[in-house]
1. 222 nm [θ] for the chain, helices only, -39500 (n - 2.57) per DSSP H run of 4+, per residue, to 500?
2. Lys/Arg Cβ at +1, Asp/Glu Cβ at -1, dipole of the stretch 48-206 taken about the Cα centre: which of ALA51, LEU62, THR74 is farthest positive-ward?
3. Between GLU64 and LEU79, what is the label-to-label distance in nm when each label sits 7 Å out along the Cα-to-Cβ direction?
4. How long is the stretch 175-240 along each principal axis, judged by its Cα atoms, biggest number first, in Å?
5. Taking 21 Å as the cut-off for C-alpha to C-alpha distance, list the pairs among LYS63/LYS102; LYS57/LYS219; LYS63/LYS219 that go past it.
6. Less than 16 Å from a label point 7 Å out along the Cα-to-Cβ axis of LYS57: which backbone N atoms in the stretch 209-240 qualify, by residue?
7. Can you give the Rg and Dmax of the stretch 131-234 based on its C-alpha atoms, in angstrom?
8. Only one of the listed values, (1) 18.7; (2) 17.7; (3) 21.2, was derived from the coordinates as Kirkwood radius over Cα pairs in Å; which label is it?
Amino acid sequence: MKKTIIAANLILILLLAGCGNIHSHSWLEANFQEPMRCPECGETLGDPLEADFSVRKISADLKENEPAEFHTVTGEEKLDTTGVFTITGSEVLTEDASHKKKNGYEWHIIRMSLSFSDENSVNDGFDYNYLISDFYDIEGFMHSFVYDRALGCNTFTVNWYGKDYPECRESSSISRGEWEKSGDGFKKTVEITWTLLLPEGYDGIVVGVRSSGIDTEGKHYIYEYYEPDAFLLYRVGGSK
């Protein structure tokens, strides 16, 4: 009898000890980095949202310091021409003399170059487009992208682990260079520098170039005119 009472008391103690863990989950919505999650107990459900670049099968796998052939068209005649595109450097910093610190954000400096030397480009020049998008949310990025006259740059919003960061910034500069003697011919190099203010650790911004031979009339989003052979894209923070 005594053993029975002790056993019953032990079961009661265990039930009381465990009842604090029994609750109705209050789920936070899934985002691009995490599935649905209960903030009280940490339990998760399902999968994170699938990134737009994955859904649309858009490749952004260019690596730093790995030259790649870039196919586009010449200036007037729109002849085929092929150059070399390279991400020549990337840098992350909190602040410096030119970039003011902002809590929760960090600055990214991305440098890339584009060189041409084939006969068609030497005779007729070359045409290209450079672009920026968001790996996770193409349309959301485009809808938030606006020029801020006071700041003198473009601003946009990204969502990182379920939180909106509305104070992201983007600006770019181009050095077009001149045609220079190279071996038996000539060569011209264009250098493009991106300056980005992004949430700390954010890995969703994509920059790169596309052929000017693509028809984009009436098309607003990259997935509407994407052609694998006509784009070279680099995912900031996601390409090592």
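Read the figures in this text as sums done on the coordinates, not as results from a lab. The structure displayed is predicted, hence computed values, not measured ones. Here the Cβ is made from the backbone with ideal geometry for all residues, glycine too, and neighbour counts use every protein chain on show.
1. So the helix-based figure for the chain works out to -4000 deg cm²/dmol.
2. It is ALA51, whose Cα lies furthest towards the positive end.
3. Inter-label distance under the simple model: 3.8 nm.
4. Extents along the principal axes, in whole Å: 45, 33, 19.
5. LYS63/LYS102; LYS63/LYS219
6. What the label zone holds, given the 16 Å backbone N cut-off, is 223-231.
7. In Å, with Rg to one decimal and Dmax whole: 16.5, 56.
8. Computed from these coordinates, Kirkwood radius over Cα pairs in Å corresponds to label (3).
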